[in-house]
Amino acid sequence: MKTIATILAVLALACGAALAAQQELTGTWQGKLQVDPKTALTIQFTFTKQPDGSYSAVLNSPDNPAMKNVAANAVSFGDGSLKIAVTALSGSYAGTLKGSSFEGQWTQPGSVLPLVLSPYQKPVLSKAAIKTLNGAWNGQLKGPAGSLTMVTRFKVDDKGELVGALAVPEQGGQEIAMSDIEFADNKLSFKVPQAHGEFVATYADGAFNGAWKQFNQPPDGVPVVLKRGDVGLPVYPLKLSNADFAKLNGYWAGTLQPKGPDGKPATTPDGKVVSLPIVLRILADSEARYVGFIDSPSQGAKGIPVTEASLAGAKLDVKVASLLADYQADLSGSTLTGQWTQGPPGRQLSNPLNLTRK
C-alpha cells in the first residue's frame, strides 16, 4: 500500500476573497502535511474549471518528484465544502472553507492527517536579490561518502525570472533543477525536488552560511557555506597498464536489479520492480589519461567518475567513491560477471551485475 510519504502533490490556487464572492476555485492551493514528527510534505492541488462549471484537479508535491500531475478522479465544491478523490493514491481530501483557507483532512488507508490549504503564489524575487544570486556558488558538503562539492548555478531565463540548478561534480555534475527559490532579508531557501532536498541559509560577508537536508534528514541539516565561484568536473586518472586498458577499453552495459534490506526486489512507489540500466565506460581522455565513468540512464545520471580501477588477471575491481560503491567482477572476453556493492559501512547492499562490452 502506498503511503502518503511517498506520493503527495498539488492543489489549485484562488484568491480567498474572489473564492468567497464568486465560488471560484481555479488555481493552486498549498499546504503542509505532517506525516510524522520529523517529516512534513508540501502539498499542492491545482484546479481547472470545465465548460460545464465543474472542476478537475491534479496533485503535485514539490518535495516528491515521483508524484507529478496525478489526476483526481472526482472534485466536488459547493457551499464552502471541498471534496477530492484520488483513486490512483487510494486517498481523498475533505475540507471546509474558513476565511481564505480550507481546513480539512487527507485520508488514506491507515491514516487520517490534518491538512490546511491556502492560496499559493509563486515567490517573487526583487531585482537586488536576483543581482546577488545570479551566477555560480560552491561549497563543501561532508557526508558518508566524504567531502562532496555542492555547486549552485543561478541565471535569468527568457521570461526575466531567476532559475537555479544544483550540481555535484564528483557525481557527474548533472544539473538538477531547483524550485521555490526565495531570497529576502538576507535569508535564502530553495528546494531540489528530484533529490528530495532543501537548502536554507543566511547571507553575510559575501557568503551563504546554511544547511542542506535530504528526505528531511538530518533534522538540523548538513552545514554548507557557499561562496561565489564555479567548479569543474574532477579527473581521476586510473592506474591501468596499457595491456589492461586494452582489455577494458570501451562501453560495458548491463542491468542492475537491486534488492532491499529484506532481500526482496526493490520496488517503486507504484509497486514496479526497480530495474536500472548501468553503463561502465573505460576511456582515454584528450590528454591520453585512462579514465572511467558510471552512467545510470534511467536516473538521468551520466559521467559519475570511477575513482579507482585495477585488473589482476581476470579479476576487476572498480571503485566509485562518491556513490560509496564498489564493483568486483570476473572478466571473460567481452563479459564481466560480478557484484555491485553500495552503501555506508555496516549498511552495504550487494547485488549481481553482469556487463557486456558494446
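Residues in region 54-78 that are in contact with a strand residue (DSSP E or B) (Cβ under 9 Å, 6 or more places away or on another chain), loosely packed, with under 15 Cβ neighbours inside 10 Å and more than 30 Å from Ile176 (Cα to Cα): 4 in all.
State whether the residues of region 98-106 include one that is in a strand (DSSP E or B), assigned by TED's automatic domain parsing to the domain that holds Gln30 and more than 15 Å from Ile43 (Cβ to Cβ). Yes, that holds for at least one residue. When we screen Gly197, Gly232, Gly221, Gly206 for residues that are within 18 Å of Thr152 (Cα to Cα) and out of contact with any Lys or Arg (no Cβ under 8 Å at 6 or more places or on another chain), the only hit is Gly232.
Taking region 248-337 as the region of interest, the strands (runs of 3 or more DSSP E) fully inside it that hold 3 or more residues being over 24 Å from the mean Cα position of the chain (by Cα) and in contact (Cβ under 8 Å) with a residue 60 or more places away in the chain are 250-256, 308-312. Under the condition of being touching a helix residue (DSSP H, G or I) at 6+ places or on another chain (Cβ under 6 Å) and under 30 Å from Ala204 (Cβ atoms), which residue from region 103-152 is surrounded by the fewest Cβ atoms within 10 Å (Cβ to Cβ)? Only one residue tops the list, namely Ala145. Taking the criterion of being part of a strand (DSSP E or B), free of Cβ contacts under 8 Å to residues at least 40 places away in the same chain and basic (Lys, Arg), would at least one residue in region 176-187 satisfy it? Scanning region 176-187, I find at least one residue that is part of a strand (DSSP E or B), free of Cβ contacts under 8 Å to residues at least 40 places away in the same chain and basic (Lys, Arg), so the answer is yes.
Number of residues in region 187-244 that are acidic (Asp, Glu), modelled with pLDDT under 95 and surrounded by 13 or more Cβ atoms within 10 Å (Cβ to Cβ) equals 1.
The values are calculated or read from the model by the stated rules, or taken from the named source; none is laboratory data. The structure displayed is predicted, hence computed values, not measured ones. Backbone-built Cβ (ideal geometry, glycine too); neighbour counts: all protein chains shown.
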